[in-house]
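Shown next, in structure tokens, is the structure this report addresses.
The values are calculated or read from the model by the stated rules, or taken from the named source; none is laboratory data. For clarity, every value in this text was computed on a predicted model and none was experimentally measured. Counting neighbours? That spans all protein chains shown, and the Cβs are built from the backbone with ideal geometry, glycine included.
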Ligand code: SF4
């Protein structure tokens with residue numbers, strides 16, 4: 001793993017998903033096999049494999065403090081092309097410091113992670129006016145998680161973290177994206193712990209080799225995704241949890 005401390009030029013960037021996005025890191029230690037964010041390699045000149053480098057934007061909080069006063073208030077996605085709570089965040093606390101700034105300025109934030117490290121910052125999140133926390137949970141089967149996301153936290157840990165956040169009165173959501181084999185059993189685990197769910201299929205091909213290696217190719221067909229979308233939608237409806245299917 002090659003870790004470099006860098007100084008970024010900008011941090012509060014416009015986004016097509018929410019109004020803005022903040023990425024305190026370039027690269028991600030989780031290195032998920034299907035990750036679309038590996039396109040970042042092209043823009044940053046990294047030759048290493050995705051998941052084997054991280055640029056730590058040590059000036060992220062200072063930049064955010066300067067940029068936030070110049071921009072129109074909007075919802076900020078933390079983060080789009082890295083996990084803001086990847087293991088390095090434990091040491092650098094860049095995400096935490098950025099959230100403190102957003103809270104101080106009363107900006108809303110959508111925090112999206114796969115890591116229970118977010119629990120460390122519950123004090124900041126709870127005191128903010130409009131922060132919500134989403135966990136990406138792609139399957140209920142931790143064996144499947146291990147082949148697609150070997151370096152990301154176990155599913156059980158993510159569900160437990162969601163439960164703690166939800167019980168603390170924090171608005172929570174789950175992002176089932178991409179829908180992996182075993183996702184059909186997620187509604188029972190997620191429904192008690194989230195306010196809403198977003199489901200998206202796999203739209204890119206980086207992880208094709210994993211499907212091939214483990215004989216799972218039928219689990220990325222149109223019919224698989226449509227059947228899974230129908231099933232997830234009906235199960236979440238039965239739990240009275242709003243479920244938005246994107247595909
Ligand atoms: S946690 Fe997200 S950003 Fe990180 S490797 Fe996995 S999919 Fe990519």
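Against the test of being closer than 24 Å to residue 245 by Cβ, at pLDDT 95 or above and either over 15 Å from the mean Cα position of the chain (by Cα) or surrounded by 20 or more Cβ atoms within 10 Å (Cβ to Cβ) (or both), the options 202, 180 yield a single qualifying residue, 180.
Okay, residues lined up against (1) over 23 Å from residue 145 (Cα atoms); (2) in contact with a strand residue (DSSP E or B) (Cβ under 9 Å, 6 or more places away or on another chain):
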residue	(1), (2)
2	yes, yes
11	yes, yes
16	yes, no
21	yes, yes
31	no, no
38	no, no
41	yes, yes
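Among the residues of the range 79-102, at least one is away from the ligand (no atom under 15 Å from the Cβ), outside any strand (DSSP E or B) and free of Cβ contacts under 8 Å to residues at least 24 places away in the same chain. Within the range 7-41, can you find the residues that are more than 15 Å from the ligand (Cβ to nearest atom) and loosely packed, with under 15 Cβ neighbours inside 10 Å? Scanning the range 7-41 gives 7, 9, 10, 13, 14, 16. Considering only residues that are in contact with a strand residue (DSSP E or B) (Cβ under 8 Å, 6 or more places away or on another chain), farther than 16 Å from residue 116 by Cα and within 16 Å of the ligand (Cβ to nearest atom), which ones fall in the range 145-191? Selection gives 176, 177, 179, 183.
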